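Throughout, read-outs are computed from the coordinates displayed, never taken from laboratory work. This structure is a prediction, so every number in the text was calculated from the model and none was measured. All Cβ positions, glycine included, derive from the backbone under ideal geometry; neighbour counts span all protein chains shown.
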Amino acid sequence: EEVDSNSIAALGWCFGGHSILELGLMQEPSVKALISYHGVFDGVREANIGEASSQLNKGESNSVLICNGKDDPFVEKEDVENTEKLLKKI
């Protein structure tokens, strides 16, 4: 069977979850759904949200599902919140 290259989904765990975030920020039109399981969101800070969001591809949007444990010691709550803010801006 053939793959519909305009309806791609991607998922990643841990560092792969960070790659999923980056792919979500690119807003690649062929990627419709992205899932991050216990992803790493370091580098996403309130200070750079405005700058980063102005550089994003403002094309067709995709959906991003973030699955992180509330008490995950490797992911700061602030990083998850800032990631959600950034994704909502695009």
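Note on residue 67 and residue 32: the extension gain reaches 10.9 nm, defined as 0.36 nm multiplied by sequence separation minus the Cα-Cα distance.
Cβ-Cβ distance of residue 78 and residue 5, R₀ of 35 Å, FRET efficiency by 1/(1 + (r/R0)^6): the value works out to about 0.45.
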